[in-house]
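Data block below; observations after.
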Amino acid sequence: MWGHPPVHSVNTVIVTVIIICEVGFWVLLARGLALRYLAKMPRAGAAVLLMEPLLEVVLLVVTAVDLRNGAEPDWKHGLAAVYIGFTVALGHRTVKWVDARVAHRFASGPAPVPPPKYGVARAVHEWKVAGQRMLAAGIAMGLLQAAIWYVGGDGGIGSLRMWQQKMLFVIGSNAIIAGTYTVFPKREPVG
């Protein structure tokens, strides 16, 4: 009765922490930008924005502790690794993207420059975007592999391997999409 909590309640904690990290990311982003542009406190805003990586550290620690306490690796642990990988690789870009729009809207900043639409410039843009997504998938794969080594061959690592396969798909599909802009560049309409 007073023993260890059931495994499903621990796994629910991981999903809850993932949700808290995602909500926390957007809350910190909104507060940081509000301090920067509405309250005219750029240093305080920057300090709040610099707290965002702590969310990934918390998720990593919770996941590692859960696995260390004997939880069977499942899709939730894989999702945590993927979330961390994508946040690490794409979080800064997201902050910059939102920051440029808020600066334009509330602080008379320059209008954000849209991505190029045609030719080589568009292909280069697509490769940059694909590269960031492929980096995110690569980080996730590395974290998944670290979890596999951490659990050891005796643990049920099938779900972690499944997430690695999904990340390979992300890498391949992004390379194909960017490649099509290189092989078949979008041409500017005449007239």
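The values are calculated or read from the model by the stated rules, or taken from the named source; none is laboratory data. Because the structure is a prediction, the values reported are computed rather than measured. So basically every Cβ, Gly included, is an ideal-geometry build from the backbone, and we count neighbours across all protein chains shown. In case anyone asks, the SASA skips ligands and DNA or RNA and just uses the protein heavy atoms, side chains included. Shrake-Rupley method; radii C 1.70, N 1.55, O 1.52, S 1.80 Å.
Per-structure values
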{"item": "Surface accessible to a 1.4 Å probe, per residue, for the residues of region 33-150, Å²", "result": "57"}
{"item": "Along the chain, longest interval not containing exposed trypsin sites (Lys or Arg not before Pro), exposed being DSSP loop plus at most 10 other Cβ atoms within 10 Å", "result": "41-186"}
{"item": "Calculated [θ] (222 nm, deg cm²/dmol) that DSSP helices of n ≥ 4 give over the chain, each run adding -39,500 (n - 2.57)", "result": "-26500 deg cm²/dmol"}
{"item": "Candidates V17, V170, V124: whichever shows maximal mean-square fluctuation once the chain is modelled as a Gaussian network with Cα springs under 10 Å", "result": "V124"}
{"item": "Residues whose placed amide H lies under 5 Å from that of K186, excluding near-sequence neighbours", "result": "G119"}
{"item": "At 1.567 mPa s and 4 °C, Stokes D of region 39-104 from Kirkwood alpha-carbon radius, µm² per second", "result": "94"}
{"item": "Computed over region 74-188: relative contact order in percent, which uses C-alpha pairs under 8 Å that are six or more apart", "result": "41"}
{"item": "For the chain, alpha-carbon Rg over 2.2 N^0.38 Å", "result": "1.26"}
{"item": "Cβ-defined net charge surrounding A103, 11 Å radius [Lys, Arg +1; Asp, Glu -1]", "result": "+3"}
{"item": "Total formal charge among the other residues, if their Cβ is under 13 angstrom from that of P114, Lys/Arg +1 and Asp/Glu -1", "result": "+3"}
{"item": "Along each principal axis, Cα extent of region 1-110, largest first, Å", "result": "60, 26, 17"}
